[in-house]
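In what follows, a single structure is set out as structure tokens and then discussed.
The values are calculated or read from the model by the stated rules, or taken from the named source; none is laboratory data. Given the structure is predicted, the values throughout are model-derived calculations rather than measurements. No Cβ is skipped: glycine too gets one built from the backbone with ideal geometry, and neighbour counts run over all protein chains shown.
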């Protein structure tokens, strides 16, 4: 055999090479999706740019959790009030930026019939308590020990916020961090419809 001639692959070697290349391409695509985060509907991760998204109005899934300060939180107990339900985690940098916005809103909008609730997901309880202390958050927060609540709400990434009307219907959704203006705009239709 001439050494200058390239060696041909056998059929099994060719199949193995094609499978290896396909696996490598799939791995690159998965890494790209993870690194992109949750900026698209297909991603699940940290969302750094906030935007309102469509939501199909439906009864908000009820849940019962124990807050970090030991109080019972049941979503249906807040009927008659507008509820801003925020999903967050300590490992989410935009969640840290958003926490003061939600704290200010909790104080400012309490008398307007708005309750802010936070649910810490996929996190460590001691880190979550430290996070709440560091950011000065006093509105009710609980760890989702069930790991099911984000699934029931259809959370695609963190932070993510849902607005529930006084009848317990999920009516608005914000994906990504909220600013003061974003939150005011998100709540405006409900506050305008709520009798003073």
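Before moving on, here are some points about what is shown:
- Positions within the range 41-82 being over 15 Å from residue 157 (Cα atoms) and part of a strand (DSSP E or B), in sequence order: 58, 59, 64, 65, 66, 67, 72, 73, 74, 82
- Screening the candidates 109, 102 for the property of being modelled with pLDDT of 95 or more and within 23 Å of residue 48 (Cα to Cα) yields one hit, 102.
- Tally, over the range 160-173, of residues that are under 9 Å from the mean Cα position of the chain (by Cα) and over 17 Å from residue 104 (Cα atoms): 1
- Subset of the range 83-119 [under 18 Å from residue 176 (Cβ atoms), free of Cβ contacts under 8 Å to residues at least 40 places away in the same chain and crowded, with 19+ Cβ neighbours inside 10 Å]: 99, 116, 118
- So residue 48, is it under 17 Å from the mean Cα position of the chain (by Cα), loosely packed, with under 11 Cβ neighbours inside 10 Å and modelled with pLDDT under 90: no
- Flag for residue 85 being within 16 Å of residue 60 (Cα to Cα), outside any loop (DSSP other than H, G, I, E, B) and modelled with pLDDT of 95 or more: yes
- Pair list, Cβ under 6 Å, 6 or more apart: the range 48-77 residue free of Cβ contacts under 8 Å to residues at least 12 places away in the same chain, other residue loosely packed, with under 15 Cβ neighbours inside 10 Å: 64/74
- So residue 137, is it at pLDDT 95 or above and under 17 Å from the mean Cα position of the chain (by Cα): no
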